[in-house]
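Structure, as structure tokens:
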Amino acid sequence: MEPPTTKEESPANESPRLQRAPGSKKLMAIIIGALAVWGVFLAVGVFLNFSGEAADRFDLRRPVLVLGCTLGFLGIWLLLLWAKRRTAE
């Protein structure tokens, strides 16, 4: 009988460090979706302006700026994840 080992066998061309955890793709999609929804929520909040402070000086650029910053952040983040995956292969 063989004693149990802690070393997991990995494919010959992939190191154990680069292996993905089960469910990591789903978790990443949930995080990205939540950030996108949060950005839309903030942009809608800026658009509706419930406080009434700036009702007379409403500017459509404000929600567009908030949404653009959120989407820009997500775009850069996805680009970096794509570059990391590409170099790991």
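Descriptive notes on the structure:
- Search result, residues across the stretch 63-89 that are closer than 22 Å to VAL46 by Cα and small (Gly, Ala, Ser): GLY68, GLY72, GLY75
- One residue from ALA36, ALA55 being in contact with a Ser or Thr (Cβ under 8 Å, 6 or more places away or on another chain) and either modelled with pLDDT under 90 or of a type in the set (Gly, Ala, Ser) (or both): ALA36
- Exactly one residue out of VAL46, VAL64 is modelled with pLDDT under 90, surrounded by 13 or more Cβ atoms within 10 Å (Cβ to Cβ) and β-branched (Val, Ile, Thr): that is VAL46.
- Within the stretch 73-85, residues that are within 12 Å of ALA36 (Cα to Cα) have Cβ atoms under 9 Å from residues that are among the small types (Gly, Ala, Ser) in these pairs: PHE73/GLY39; LEU74/ALA36; LEU74/GLY39, counting only partners at least 6 apart in sequence or on another chain.
The values are calculated or read from the model by the stated rules, or taken from the named source; none is laboratory data. Owing to the predicted nature of the structure, the values given are computational and were not obtained by experimental measurement. Counting neighbours? That spans all protein chains shown, and the Cβs are built from the backbone with ideal geometry, glycine included.
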